[in-house]
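These notes are about the structure you will find just below.
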Amino acid sequence: MTTTTPQSSQYSNLLDLLALFTEGTSRIAELEQRASEHMIEFLDEIRAEYAQLQASVAEAQAAIESAVLQHPEWFAGKSTLRTPFGSVAKRKATSLDIQKPELTIALIQQDDTLDDAVYLRVVEGVNKEALNLLDDATLRRLRVRRITEEKLTVKPLSVSLGTAVKAQEQGDEERAAA
């Protein structure tokens, strides 16, 4: 069986594009290989400093969380404390503590008001997402405690060049108007 090769400018263009694609893909692979080699060398150079900085950041975050938890007044009427050096956000998060899953499973199965397919997983595990929607009285009846705790998020300062440029332009306009 013989096949004929289409002879058109579109087909010629397709061949050019496929050649470009193949050459580009090969070159990208070469560059990624070189980058990997340089990355390994670079990581060897910075490993000690990186580990020290990670430890410092972890200690700083723990100290920030401790300080924030000791001063709830810093969050009066707001959930995020913004400073020139970053921000700390305080959020409430809940989780369910099921001490005896087998007992909770049996209680759900006995309760005619709860649909087993919704509150139990096929593997006979408790569906925490569904139970989380229940009221506290029902959870107590199922021997489940709702735990509420504070969650903190610490973020470093981020510079927005767009905002900085806009502020600079606005300052220039105000000086020109004066």
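Numbers below:
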item	result
Other-chain or far-sequence residues with amide H under 5 Å of SER87's (modelled H)	LYS155
Extension gain, ASN127 back to PHE75 (0.36 nm per residue minus Cα-Cα distance, nm)	15.3 nm
Projected label distance in nm at ARG145 and TYR50, using a 7 Å step from Cα toward the beta-carbon	4.1
In segment 45-92, the trypsin sites (Lys or Arg not before Pro) that fall in loop regions by DSSP, at most 13 other Cβ within 10 Å	LYS78
Percent of C-alpha pairs per 10 Å bin, the chain, short to long	7, 15, 12, 17, 19, 16, 11, 4, 0
Cβ-Cβ FRET estimate between ASN13 and ARG34, R0 fixed at 45 Å, reported to 0.05	0.90
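Bear in mind that the values in this text are calculations on the coordinates, not laboratory data. Quick caveat, the model's predicted, so the values are computed rather than measured. When we count neighbours, we look across all protein chains shown, and the Cβ atoms used for this are built from the backbone with ideal geometry, even at glycine.
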